[in-house]
Amino acid sequence: MEEEYEILENTVKDFNAKYVENNSIKFENESMGKEFVKLLADQGFFSMMGQSGEEVADVKTLSVVLENLAKSVPAVAVKTLLANSFLSLVKDPEVTEAVANGSKSGTVTFSDLLVGPGQNGSLLLSDGKIKGEKQFVVGSDSDFIVTLLDTGELVLLKSGFTAGKKLKRLGFRSIGFSAVNVNSSDYEVLSKEGRKELEKLYYQLSIPVAAISLGMSKAVSQKGLDYAKVRTAFGHYLKDFQPLAFELTSLIAETEILQRYFEVLISTSPSRKEAMFLKHKALALAKDISKTSLQIHGGYGYLEDFGIEKFYRDSMALSVLFHNEEHEMEVLSTLVFETKAGFV
Amino acid sequence: MDFELSDDIKEAVVRAKEFANKYFTEEVAEKSDFNEEFPTDIVAISKKEKVLDFSNPWKVLVTIEELVRRDPGLGISVTISAFGAEIFMFFGNDAQKEKYMNPVFAGKRTLGLGVTEAGGGSDVAGIKCEARLDGDSYVLNGGKMFISNGQIADHFLVLARTSPPPSPEKKHKGLSVFVVDSKSPGFAINKLHGKLGVRATNTAELIFDNVRVPKEDMVGEEGKGFYYIMTFFNISRIYVAAQGLGIAHGALDRLIEYSKKYAPVSETGELNENLQLAIAEIATRVEATRNITYKAASYLFKFTPNPIVTSMAKFYAAETAVFATKRAIELMSLHGLTSDLERFFRDAKILDIWEGTTEVEKLIITRMMLKEGGA
């Protein structure tokens with residue numbers, strides 16, 4: 001890894017040790033609080049991506065930060081990802097300054113790309129007002145929201161919206177997740193070709209999302225390794241039992257391989273196909289390794305105090321909130337076959 | 001060979017469905033899960049309505065399956081009140097059956113089983129809890145971990161060491177089972193919080209600090225406790241397999257419902273093949289789980305238990321539950337994540353752990369097959 005990234009990695013490690021690790025259950029399940037969000041912002045973590053207008057977004061430094069934030073509390077990494085996504089789309093200096101410095105929060109809705117048409121509410125612009133409801137908004141407790149209208153425009157909602165009843169929360173429980181009711185005349189149209197713009201950002205996030213998955217995989221596999229070395233059963237350390245040792249070793253091998261691939265990608269200009277390969281494999285790995293590590297911990301893995309179960313929940317939540325298996329495999333198959341594939 | 005359930009068992013399935021439809025509302029299930037709250041009211045109603053008919057173990061089995069299929073946390077809470085009672089049935093004396101077992105089967109009392117300890121989950125013979133004879137009673141010291149019905153049970157069946165093992169290889173000798181009253185002096189209970197799933201069930205740590213147990217409350221013979229517990233696990237694992245079957249079937253129900261309502265279709269108007277194949281795979285695993293679980297049950301209910309098939313049923317049902325809930329959420333995307341399926345996903349994982357981990361079940365299968373020459 002380049003020296004620049006190593007320095008960045010150490011910065012995030014120090015940040016985790018100082019501000020995150022002692023509050024991990026609170027930051028995962030309850031709230032991060034404004035003070036902590038301000039601390040994240042003060043590190044410059046919220047504005048690392050640049051504007052999405054650029055063809056190739058600078059997701060490299062962001063990805064290194066996300067990978068390392070995810071090792072402690074994945075929800076903190078997702079919060080950071082949302083802020084960066086927002087700032088990559090919005091240009092209004094007053095808004096961007098407030099979000100970048102952590103005094104306000106912003107989010108982007110991706111649900112239009114994840115579920116079918118008409119399944120996530122409806123937002124329409126009429127007589128100078130945007131009205132309706134948007135379902136499945138991650139970060140619905142934010143001060144600003146970038147979202148898509150039914151007519152295809154990407155808009156920035158500055159006020160005039162309220163979060164509905166919280167949806168069930170498998171993961172990232174400290175981040176608002178609900179429908180949003182909108183009745184707003186305080187908005188800005190960011191793009192007439194909103195879906196295209198949103199899709200571009202979505203694919204640019206492939207490596208950052210993979211980075212969060214990789215961070216989770218590393219953290220949870222380390223917990224598995226540590227526990228297996230000290231816990232005994234039937235007179236032996238857990239590490240001495242073949243099924244456990246072989247399975248964890250195999251998954252760690254996958255993690256190391258993906259880590260190398262990740263490092264190659266962030267030191268070059270990866271293609272969409274390469275970035276999607278990484279995301280596809282990293283999301284699956286995080287789920288597999290979380291399951292294995294939880295199993296190694298037995299009943300203790302099932303309790304939040306041991307810090308394993310959150311990875312089991314979050315790895316699944318991540319693979320749904322920022323990923324649609326069927327849709328992405330269709331896109332990826334088409335890139336692999338170099339012709340339309342995965343459709344009948 | 002007849003794969004059809006008899007009419008009275010089918011009737012039990014219908015009764016369980018009706019009960020779940022009436023009482024396992026999403027509001028109640030969500031509240032119990034969120035607050036980690038045992039559904040006391042629903043459990044009381046289930047006892048009053050005799051939802052679990054202990055006169056026929058097949059009825060118990062299908063009732064567990066159906067209730068859990070609707071909601072795992074509530075379903076398990078309702079069906080776990082008599083947990084451990086078979087130990088009285090097979091090894092208790094008449095007085096113990098009258099005093100402890102019958103009130104449990106009548107729905108008047110709740111039972112718990114204290115085997116697992118903080119230092120050893122799967123390693124039952126390695127327990128540290130001790131019972132020392134002192135006059136007319138035994139004095140218990142030690143603790144138990146991850147005990148279902150921890151704060152709810154009136155009595156616990158507790159495994160404790162009554163004599164040192166004759167050798168390190170024979171740790172399973174010298175263990176005995178006692179009935180411990182939850183109100184005994186020196187007995188403390190700490191509820192465990194922050195579970196990933198089955199949060200409606202009550203789970204606790206038990207602590208015994210010089211707890212006196214009358215001699216007559218030892219179950220069966222001194223030193224044979226390990227054998228009693230293993231016998232019980234060969235029963236309870238079948239009911240855990242039924243839990244897995246219920247969870248997996250519940251996930252399949254939800255995936256099919258989603259497919260009809262929301263799933264994308266191809267240009268020919270059919271469900272995308274990826275989804276079709278996934279449904280087929282989950283449905284096949286559910287069916288295979290049901291067959292192996294019922295096979296294990298048929299051996300047991302004829303009093304000829306087959307531990308190999310029992311362990312196969314338990315591990316396969318657990319893996320199927322975890323697999324089905326995972327695949328269903330992945331395919332249902334945001335619809336799965338925001339429905340009760342996410343609770344099923346969290347609940348399913350415990351089945352890989354309790355009543356013998358999946359790894360332990362697999363070891364039992366192979367070791368017994370090598371010893372006995374097949375299933």
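A short reminder: the numbers here are calculations on the coordinates, not readings from a lab. Since this is a predicted model, take the numbers as computed values, not measurements. So basically every Cβ, Gly included, is an ideal-geometry build from the backbone, and we count neighbours across all protein chains shown.
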Review point. Roughly how big is segment A:234-344's charge dipole about its Cα centre, with Cβ charges of +1 (Lys, Arg) and -1 (Asp, Glu), in debye to the nearest 20?
Key: 160 debye
Exercise for review: Just check segment B:192-309 against the gyration tensor rule for me: Cα atoms, a ≥ b ≥ c as the square roots of the eigenvalues, rounded for a/c under 1.5, and otherwise prolate or oblate depending on whether a/b exceeds b/c.
Suggested key: oblate
Check your understanding: Tell me, what HN-Hα J-couplings in whole Hz come from the Karplus equation 6.51 cos²θ - 1.76 cosθ + 1.60 at θ = phi - 60° for each residue of segment B:100-114, using x for Gly and Pro?
Key -> 10, 6, 4, x, 5, 5, 7, x, 8, 10, 10, 10, x, 10, x
Revision key, fill the gap. Partner shielding of A:320-332, as the mean number of partner chain Cβ atoms within 10 Å, equals 3
Review point. Using only the Cα atoms of segment A:101-209, what do you get for the radius of gyration and for Dmax, in Å?
Key: 13.3, 40
Practice item. May I have the extent of the alpha carbons of segment B:1-123 along their three principal axes, as whole Å values ordered from largest to smallest? Key: 42, 38, 30
Check your understanding: Computed over the Cα atoms, what is the radius of gyration of segment B:116-179 divided by 2.2 N^0.38 Å, N being its residue count?
Key -> 1.15
Review point. Which value in Å does the Kirkwood hydrodynamic radius of segment B:154-206 take, with 1/r averaged over all unlike C-alpha pairs and then inverted?
Key: 13.7 Å
**Study point:** Antiparallel DSSP beta bridges within segment B:144-271, percent to nearest 5
**Key:** 95 percent
Practice item. Taking every pair of Cα atoms in segment B:81-143, average 1/r, invert it to obtain the Kirkwood radius, and report Rg/Rh to two decimals. Key: 1.03
Review point. Residues with amide H under 5 Å of residue B:129's amide H, sequence separation 5 or more or different chain, H placed in the peptide plane at 1.01 Å from N; which?
Key: B:143, B:161
Check your understanding: Longest span of chain A, sites excluded, free of trypsin sites (Lys or Arg not before Pro) in DSSP loop with at most 14 other C-beta atoms within 10 Å?
Key -> A:193-339
Check your understanding: Just in segment B:146-241: which trypsin sites (Lys or Arg not before Pro) are loop by DSSP and have at most 14 other Cβ atoms within 10 Å?
Key -> B:183
Review point. What FRET efficiency would be calculated for the residue pair residue A:9, residue B:151, taking the C-beta separation as r and a Förster radius of 35 Å, to the nearest 0.05?
Key: 0.15
Point to revise | Estimated D of segment A:37-108 in µm² per second, where Rh is the Kirkwood radius over Cα pairs and Stokes-Einstein applies at 25 °C, 0.890 mPa s | key: 205 µm²/s
Review point. Per 5 Å bin from zero, what fraction in whole % of the C-alpha pairs of segment B:275-330 is there, up to the bin with the longest pair?
Key: 4, 21, 25, 19, 13, 9, 6, 3, 0
Point to revise | For segment B:7-79: Kirkwood Rh in Å [reciprocal of mean 1/r, alpha carbons] | key: 12.1 Å
Check your understanding: Taking Cα pairs under 8 Å and at least six residues apart, what relative contact order does segment B:7-79 come out at, in percent?
Key -> 43 percent
Exercise for review: Treating each Cα of chain B as an identical point scatterer and ignoring solvent, apply the Debye formula and state log10 I(q)/I(0) at q = 0.10 Å⁻¹.
Suggested key: -0.63
**Study point:** Over segment B:227-372: Rg over Rh, Cα atoms, Kirkwood Rh
**Key:** 1.07
Check your understanding: Dipole of chain B (Lys/Arg Cβ +1, Asp/Glu Cβ -1, origin at the Cα centre): which of B:52, B:194, B:129 lies farthest to the positive side?
Key -> B:129
Point to revise | Per-peptide average of other Cβ atoms within 10 Å, ordering B:22-30, B:327-335, B:65-73 highest first | key: B:65-73, B:327-335, B:22-30
Check your understanding: residue A:189 to residue A:133: FRET efficiency via 1/(1 + (r/R0)^6), r the Cβ-Cβ distance, R0 22 Å, to the nearest 0.05?
Key -> 0.70
Exercise for review: Report the antiparallel proportion of the DSSP beta bridges in the protein assembly as shown as a percent, rounded to a multiple of 5.
Suggested key: 85 percent
Study note, to complete from the structure: Quick calc, segment B:227-372, dipole around Cα centre from Cβ unit charges on Lys, Arg (+) and Asp, Glu (-), nearest 20 debye, gives 540 debye
Study note, to complete from the structure: Out of A:8, B:318, A:159 - ranked by how far each Cα lies towards the positive end of the dipole of the protein assembly as shown, with unit charges on the beta-carbon of charged residues - the top one is B:318
Practice item. Within chain A, what's the longest run with no GluC sites (Glu not before Pro) in a DSSP loop and at most 16 other beta-carbon atoms within 10 Å? Give the range, please. Key: A:194-337
Review point. Using only helices, what value at 222 nm comes out for chain B when you add -39,500 (n - 2.57) per DSSP H run of length 4 or more and divide by the total residues, to the nearest 500 deg cm²/dmol?
Key: -16500 deg cm²/dmol
Exercise for review: Report, in degrees rounded to the nearest 10, the 0 to 90 angle that the Cα long axis of helix A:206-230 makes with the longest principal axis of chain A.
Suggested key: 20 degrees
Practice item. Report, largest value first, the span of the C-alpha coordinates of the protein assembly as shown along each principal axis, in whole Å. Key: 83, 56, 48
Exercise for review: With a/c under 1.5 counting as rounded, go ahead and sort segment A:171-310 into rounded, prolate or oblate using the C-alpha gyration tensor (a ≥ b ≥ c being the square roots of the eigenvalues; past the cut-off, prolate if a/b is larger than b/c, else oblate).
Suggested key: oblate
Exercise for review: Relative to the compact-globule scaling 2.2 N^0.38 Å, provide the ratio for the alpha-carbon radius of gyration of segment B:60-212.
Suggested key: 1.07
Review point. Each residue of segment A:254-268 in turn: what ³J(HN,Hα) in whole Hz from Karplus with 6.51, -1.76, 1.60 and θ = phi - 60°, glycine and Pro shown as x?
Key: 4, 4, 5, 5, 5, 4, 4, 4, 4, 5, 5, 5, 7, 9, 10
Check your understanding: Can you give me the pair-distance distribution of segment B:258-298, C-alpha pairs, 5 Å bins, whole percents?
Key -> 6, 21, 20, 16, 11, 10, 9, 6, 2, 0
**Study point:** Calculated on alpha-carbon atoms, Rg and Dmax of chain A in Å
**Key:** 20.2, 75
Check your understanding: Among B:10/B:50; B:22/B:183; B:50/B:97, which pairs are too far apart, with a Cα-Cα distance over 23 Å?
Key -> B:22/B:183
Point to revise | Inter-chain Cβ neighbour average for residues A:301-310, partner chain, 10 Å | key: 4
Check your understanding: For chain B, what is the relative contact order in percent, using Cα pairs closer than 8 Å and at least 6 residues apart in sequence?
Key -> 16 percent
Revision key, fill the gap. Taking segment A:1-133, the equivalent ellipsoid from its C-alpha gyration tensor has semi-axes in Å, biggest first, of 29, 18, 15
**Study point:** Distribution of pairwise C-alpha distances over segment A:251-306, 5 Å bins, in %
**Key:** 4, 18, 22, 17, 14, 10, 8, 6, 1
Point to revise | Relative packing of B:93-105, B:244-256, B:49-61, which averages over residues the other C-beta atoms within 10 Å, highest first | key: B:244-256, B:49-61, B:93-105
Check your understanding: What's the average, rounded to a whole number, of partner chain beta-carbon atoms within 10 Å of each residue's beta-carbon in B:326-336?
Key -> 6
Review point. Given +1 on the Cβ of Lys and Arg, -1 on the Cβ of Asp and Glu, and no further charges, what dipole in debye does segment B:1-108 carry about its Cα centre, rounded to the nearest 20?
Key: 380 debye
Revision key, fill the gap. Ordered by number, the chymotrypsin sites (Phe, Trp or Tyr not before Pro) in segment B:274-375 that occupy a DSSP loop and have at most 15 other Cβ atoms within 10 Å are B:303
Check your understanding: Roughly what % of DSSP beta bridges within chain A run antiparallel, to the nearest 5?
Key -> 90 percent
